[in-house]
Amino acid sequence: MNIFSSIPKEPEDPIYGLQVTFKKDERKDKINLSIGVFPGHQGSSFRFNAVDSAEDILLEKLYPKDYLPIDGLPAFNEKVADLVLGEDRKEMTLSSYTAQTIGGTAALHIGAKFLLQHCTQKIYIPDPTWVNHRRLFEACGLEVISYPYEITAAGGVNIQRILTAIQSMPEGAAIVFQASCHNPTGIDPTDAEWQVLSQAIKKRKLITFFDMAYQGLGRGLHEDAFSIRLFLEEDHEMLIATSFSKNFGLYSERTGALTITCTRESVIPISSQVRKIIRSIYSSPASHGAQIVQTILNDPTLTANWQRELKHLRETLTTSRQALYNALSKKQPHKNFTALQKSIGLFALTFLPTEKVHSLRQEHGLYLCDDSRINIAAIRQELIETIANALLSP
Ligand code: LMR
């Protein structure tokens, strides 16, 4: 008997695994609407000019390759806090602490460990949500429970069902919300609904864990942080995981951050606990992505360029979404595609059953995620008819 022979094989990751299958697919007309990436030239992801300019500056500077502090680059953390919490954050009652992390995923992981060690064993996640949330939080040792995130026929979220679920959550438990551009539905609570949620969460004494992976790709940089800034104004002590994969195109640089809002006295103890967790996993983060982000955000011209490019991507998403909506509604005028039309950010659900999603892959070379999610960013104008026909095929 070999030592490792009884280790079972895990199924492939639902999103990354699909990229391998897609690459192996030899059909020339295959279309990948699965992973959340903005396509750029020749099969690679979209490159921001602002990022290229920042890299030129960094190359020139030959910035040091020393270890970063355990919680990352201070200039990056400072700018992330401004971006996430707003530049007027210093006027708020609560203070905050930000640690650079290896992508948004490590921010979620470190936040989960922090919750488990100091606050709660239970975390509530939306159903549906990003496919990695459940397994990530479970891997950290949290008990993961779903709450309903139901999309209505009018293209909104059924807030009443969330409020009812909140009533039955135990005091002190953690609840995950996506700050904007909900993955996979693309549908967020309205500003007024966030206000109601904030009150309900306060009343139930829950700890909110915001996941924000698409700031600037929904309604705008400030607008997409509305929920977080409202919760800060309303004195929520909370956790926020941020990713810069999509809004800076830094997928492979694994650049993210964990922010915790807390009383001023708690900043030092909390930061020491977060550093303890980081040190036990990867000691300190990698530098390059954070250097890029802080170079851009500390330079007004580069910041303006980046914001312009972000706006362009946002507008592209709106155009592609509307074009797909138009094509679908023209072909099947009696069907309700409002949820697609009302969605924002990269994703929308097609609500197709899994068997249909699989047959689209096999018969049409059209790759959706198993939960029927499509990446709007990957829909080029010339593909609209083909995609619409495939989605509506019997
Ligand atoms: C996605 O949801 O497609 C992306 O966030 C990639 C990932 O890590 O799953």
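The values are calculated or read from the model by the stated rules, or taken from the named source; none is laboratory data. The structure displayed is predicted, hence computed values, not measured ones. Cβ sites come from the backbone with ideal geometry, for glycine too, and all protein chains shown count toward neighbours.
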Legend entry - Pairs, first closer than 25 Å to Gln160 by Cβ and in a loop (DSSP other than H, G, I, E, B) in region 126-150, second small (Gly, Ala, Ser) and more than 12 Å from the ligand (Cβ to nearest atom), C-beta under 9 Å, six or more apart: Pro128/Ser146; Thr129/Ser146
Legend entry - Matching residues in region 189-211 - criterion: being farther than 20 Å from Thr242 by Cβ and not in a helix (DSSP H, G or I): Thr190, Arg204, Lys205, Leu206
Inset, instruction - For region 139-156, enumerate the residues that are within 16 Å of the ligand (Cβ to nearest atom) and surrounded by fewer than 18 Cβ atoms within 10 Å (Cβ to Cβ). - result: Ala139
Inset, instruction - Could you tell me which residue of region 320-339 is farthest from the ligand (Cβ to nearest atom), considering only residues that are assigned to a helix (DSSP H, G or I) and in contact (Cβ under 8 Å) with a residue 60 or more places away in the chain? - result: Lys331
Legend entry - Residue among Glu55, Glu91, Glu78 that is modelled with pLDDT under 95 and closer than 26 Å to Asn298 by Cβ: Glu91
Inset, instruction - Spot the failing condition for Ile3; the list is (1) assigned to a loop (DSSP other than H, G, I, E, B); (2) of a type in the set (A, V, I, L, M, F, W, C); (3) within 16 Å of the ligand (Cβ to nearest atom), and only one is missed. - result: (3)
Inset, instruction - Go over the candidates Ile123, Ile110 one by one and state the one that is hydrophobic (A, V, I, L, M, F, W, C), part of a strand (DSSP E or B) and away from the ligand (no atom under 16 Å from the Cβ). - result: Ile123
Inset, instruction - Please work out if Ala348 is assigned to a strand (DSSP E or B) and either touching a Ser or Thr at 6+ places or on another chain (Cβ under 9 Å) or among the polar types (S, T, N, Q) (or both). - result: yes
Inset, instruction - Determine if region 262-274 includes at least one residue that is crowded, with 21+ Cβ neighbours inside 10 Å, assigned to a helix (DSSP H, G or I) and in contact with an Asp or Glu (Cβ under 9 Å, 6 or more places away or on another chain). - result: yes
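Table: residues versus (1) of a type outside the set (A, V, I, L, M); (2) within 30 Å of Glu265 (Cβ to Cβ); (3) part of a helix (DSSP H, G or I).
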position: Pro11; (1), (2), (3): yes, no, no
position: Val37; (1), (2), (3): no, no, no
position: Arg47; (1), (2), (3): yes, no, no
position: Ala54; (1), (2), (3): no, no, yes
position: Gly72; (1), (2), (3): yes, yes, no
position: Phe76; (1), (2), (3): yes, yes, yes
Inset, instruction - Scan region 59-74 and give yes if some residue there is touching a strand residue (DSSP E or B) at 6+ places or on another chain (Cβ under 7 Å), within 16 Å of the ligand (Cβ to nearest atom), farther than 24 Å from Arg314 by Cα and not basic (Lys, Arg), otherwise no. - result: no
Legend entry - Selected residue (criterion: nearest to the ligand (Cβ to nearest atom)) from residues of region 358-370 that are surrounded by 21 or more Cβ atoms within 10 Å (Cβ to Cβ) and not in a strand (DSSP E or B): Cys369
Inset, instruction - Give region 96-121 a look and list any residue that's surrounded by fewer than 17 Cβ atoms within 10 Å (Cβ to Cβ) and either of a type in the set (Gly, Ala, Ser) or free of Cβ contacts under 8 Å to residues at least 40 places away in the same chain (or both), or say none. - result: Gln121
